[in-house]
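We did not get these values from a lab; they are worked out from the coordinates using the rules stated. Bear in mind that the values here come from a model prediction, so they are computed numbers and not experimental data. Here Cβ is always computed from backbone atoms with ideal geometry, including for glycine, and neighbour counts include all displayed protein chains.
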Amino acid sequence: MKTFFKSRGFMVVEILVAISIITASILAAMAVTQKSVYVSRQAFHTAQASFLLEEGAEAVRIVRDNAWSGISGLTAGGTYYLKFSGGTWITSTTLSDGVLGIFTRKVSVANVNRDNTSKDIVSSGGTLDAGTKLVTITVSWLEGGTLITKTLQFYIMNIFS
């Protein structure tokens, strides 16, 4: 009789250990699944942001191609948004024009100075080059409560004068 109760008690312990192991395994699998969904979503949003940056660069080139004044008339350091209107791209100061779903795309321009001798672009000093601007396009979005920002910078020149 004693061995029956001892083995029965041991069987209960084995069942509890097995249930604990299965529960821990399921919880670990759920945590891995949750993290992989988060990483997958973040990668998807990063790819979308890259496309929006590239589209923004092309839109700025189109604004330049329509008229250099569309670029040179922008205030250095100001924030602008790109809007497709009337069959072409234009710049706008209205925030809603820069909101694309969960993303916000901003454009800013900065003046460019060139060295007087070498004509290279310099960060300080030199002479203002009215035919060249530094364009910065920024795409940002909230990801899990964190603001993610991707930036693209390039120089644009007045190639039509």
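Give the label of the value calculated from the structure for volume of the Cα convex hull per residue in Å³, choosing from [x] 122; [y] 106; [z] 168.
[z]
Counting Lys and Arg as +1 and Asp and Glu as -1, what is the net charge of the other residues whose Cβ lies under 12 Å from the Cβ of residue 106?
+1
What residues qualify as long-range amide H neighbours of residue 100, i.e. H under 5 Å apart, gap of 5 or more or another chain, H built at 1.01 Å from N?
Under 5 Å from the amide H of residue 100 lie the amide H atoms of 105, each far enough along the sequence or on another chain.
Quick one: angle between helix 2-66 and the longest Cα principal axis of the chain, in degrees between 0 and 90, rounded to 10, please.
Taking the Cα atoms of the chain, the angle to 2-66 is about 10 degrees.
Quote the charge dipole size of the chain about the Cα centre in Debye, to the nearest 20; the model charges only the Cβ of Lys and Arg (+1) and of Asp and Glu (-1).
So the dipole magnitude of the chain works out to roughly 780 debye.
Could you pull out the trypsin sites (Lys or Arg not before Pro) across the range 83-143 that fall in loop regions by DSSP (anything but H, G, I, E, B) with no more than 14 other Cβ atoms inside 10 Å?
119
Just to check I understand the Karplus step: with θ = phi - 60° and J = 6.51 cos²θ - 1.76 cosθ + 1.60, what whole-Hz values come out for the range 136-146, glycine and proline as x?
10, 10, 10, 10, 9, 7, 8, 10, x, x, 10
Using square roots of five times the C-alpha gyration tensor eigenvalues, list the equivalent-ellipsoid semi-axes of the range 29-108 in whole Å, biggest first.
Those come to 34, 12, 10 Å.
If you stretched the chain out fully between residue 23 and residue 67, how much longer would it get, using 0.36 nm times the residue separation minus the C-alpha to C-alpha distance? Numbers along the way, then the final one.
Numbers: separation 44, 0.36 × 44 = 15.84 nm, distance 6.60 nm.
Length gained, residue 23 through residue 67: 9.2 nm.
If you average the alpha carbon positions of the range 12-67 and of the range 123-161, how far apart do those two centres end up, in angstrom?
Each part reduced to its Cα centre gives a spacing of 28 Å.
Let me check I've understood the local charge: for residue 61, count other residues with C-beta under 14 angstrom from its C-beta, Lys and Arg +1, Asp and Glu -1. What total comes out?
-2
Taking the Cα centre as origin and putting +1 on Lys and Arg beta-carbons and -1 on Asp and Glu beta-carbons, what dipole magnitude results for the range 63-116, to the nearest 20 debye?
I would put it at about 80 debye.
I want to check the label-to-label distance for residue 35 and residue 100. Put each point 7 Å from Cα in the C-beta direction and report it in nm to one decimal.
Taking the simple label geometry, residue 35 and residue 100 are separated by 3.2 nm.
What's the local net charge at residue 151, with K and R +1, D and E -1, over the other residues with C-beta under 12 Å away?
Residues near residue 151 contribute +3 overall.
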